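Worksheet: the structure to be examined is printed underneath.
The values are calculated or read from the model by the stated rules, or taken from the named source; none is laboratory data. Keep in mind it's a predicted model, so treat the numbers as computed, not measured. Don't worry about glycine lacking a Cβ; one is built from the backbone with ideal geometry, like all the others, and counts go over all protein chains shown.
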Amino acid sequence: MKPTLRTGLVFLAILLFLSSCGSFPKKRTATVFAMNTVMDLTVYGNADALTAVESRIRELERLFSVTDENSELFAVNRDGGGEVSGETAALISASLALCGRTDGALDITVYPVVRAWGFTTDAFRVPSEEEIAELLGVVDYRRVALDENRVALPSGGALDLGSVAKGYTADCLTALLREAGVESALLNLGGNVQAIGTKPNGEGWRVAIRDPKGEGYVGVLTVSDRAVVTSGGYERYFERNGETYHHIIDPATGHPAKSGLSSVTVVASQGLLADALSTALSVMGLDRATEHWKQYRDFEAVFVAENGDLYLTEGLETVFSAQSPEAKVTVIRP
Ligand code: ADP
Ligand code: MG
């Protein structure tokens, strides 16, 4: 066959395609159990990058774990304060600011109440109203004093970074991978998803949002360079006498939040913000959460109401696709 311009061009296109495939960095995956959850890590890059991610997770876990007797946070809670590393101080400081921003819907001093319900130890129980009222006396993020690396808690007070630690960790890992030259990764830290760059082929990462009431998904978000963090009572709960009690506590009542929402997914460029807000908006409920979005506009969200209806903020309209064609989806606009 005589080579024509056309066959030549086709040949060239195939060559270019093959060489571009070959230049994708290698896909590497790992599963890590840390921070009380299963973490699935996918990194396109060299093996060292993935190893560095794993050891960084362990390092941060050792600082922030509320149950590990050797953690910095454990010492602070045991001693009512003390000197902490710059890293722990930075997270406490940023978290306190977010408690203020959410007007206490997020409150990292809620730990005595969380502990009384048994959520940290799995020794679940329903505390009496008197006990809750007494514990609420020390729940107030405004009473945490942070002076550079010195923390002081009110007597009987304790900190819980469970609502923010994975988001902060995701931000640290993103910075680490970027520095290592990684341009494409998907880190799923147990419901805290961090999409770094795009997929190697340039498409956005597809992140599914679990159906809080079933096995499947309510929909899929296609994102790049974003944190996608979901909070919901369905993740951790127990049942007593026909009642379900879940782990997201309304600091105003000391009881599991009854906000009418089954789950809240927050999409933001920063993991810490997304993690803090997914918890806080779950406490606030749809109306307050909508107001918060209108006020700040530095995040987007998907709300799954208890009746299954979906609400999304405007910025997600083109990147969210509902699983079921029958789903009732309302777009929230400014
Ligand atoms: P998960 O850790 O399951 O992803 P969240 O990010 O929503 O979920 O954090 C929930 C955890 O945060 C709870 O297990 C509890 O330790 C703590 N917590 C519960 N309610 C609050 C609250 N209103 N403010 C701050 N922390 C909370
Ligand atoms: Mg959270």
**Request:** Could you check how many residues of the stretch 217-245 are modelled with pLDDT under 95 and either within 16 Å of ligand 2 (Cβ to nearest atom) or not in a strand (DSSP E or B) (or both)?
**Result:** 8
**Message:** So, in the stretch 113-171, exactly how many residues are part of a helix (DSSP H, G or I), closer than 18 Å to D250 by Cβ, charged (D, E, K, R) and within 16 Å of ligand 1 (Cβ to nearest atom)?
**Reply:** 2
**Condition check for V144: under 21 Å from D275 (Cβ atoms), in contact with a strand residue (DSSP E or B) (Cβ under 6 Å, 6 or more places away or on another chain) and not basic (K, R)** = no
**Request:** Inspect all residues belonging to the stretch 303-314 and state whether any of them is assigned to a strand (DSSP E or B), within 16 Å of ligand 2 (Cβ to nearest atom) and on the phi < 0 side of the Ramachandran plot.
**Result:** yes
**Of residues in the stretch 191-216 being touching a residue at least 60 places away in the same chain (Cβ under 8 Å) and within 16 Å of ligand 2 (Cβ to nearest atom), the one surrounded by the most Cβ atoms within 10 Å (Cβ to Cβ)** = Q194
**Request:** With respect to T120, determine if the residue is of a type in the set (S, T, N, Q), at pLDDT below 95, surrounded by fewer than 22 Cβ atoms within 10 Å (Cβ to Cβ) and on the phi < 0 side of the Ramachandran plot.
**Result:** yes
**Request:** Determine, yes or no, whether L286 is closer than 29 Å to R115 by Cα, buried (at least 16 other Cβ atoms within 10 Å of the Cβ), free of Cβ contacts under 8 Å to residues at least 40 places away in the same chain and away from ligand 1 (no atom under 13 Å from the Cβ).
**Result:** yes
**Residue ID - nearest to ligand 1 (Cβ to nearest atom), chosen from residues in the stretch 246-276 that are assigned to a helix (DSSP H, G or I) and out of contact with any strand residue (DSSP E or B) (no Cβ under 7 Å at 6 or more places or on another chain)** = A276
**Message:** Being surrounded by fewer than 21 Cβ atoms within 10 Å (Cβ to Cβ), in a helix (DSSP H, G or I) and either acidic (D, E) or modelled with pLDDT of 95 or more (or both) is the requirement here; does L96 meet it?
**Reply:** yes
**Prompt:** Residues S259, S324: which one is crowded, with 21+ Cβ neighbours inside 10 Å and hydroxyl-bearing (S, T, Y)?
**Reply:** S259
**Prompt:** Only one residue in T169, T174, T88 is buried (at least 24 other Cβ atoms within 10 Å of the Cβ) and modelled with pLDDT of 95 or more, so which one is that?
**Reply:** T169
**Request:** Consider Y311 carefully, then state whether it is surrounded by fewer than 14 Cβ atoms within 10 Å (Cβ to Cβ) and aromatic (F, W, Y).
**Result:** no
**Request:** Would you be able to tell me the number of residues in the stretch 126-141 that are touching a residue at least 24 places away in the same chain (Cβ under 8 Å) and out of contact with any helix residue (DSSP H, G or I) (no Cβ under 7 Å at 6 or more places or on another chain)?
**Result:** 3
**Request:** Look at R56 and say whether it is of a type in the set (D, E, K, R) and either surrounded by 16 or more Cβ atoms within 10 Å (Cβ to Cβ) or part of a loop (DSSP other than H, G, I, E, B) (or both).
**Result:** yes
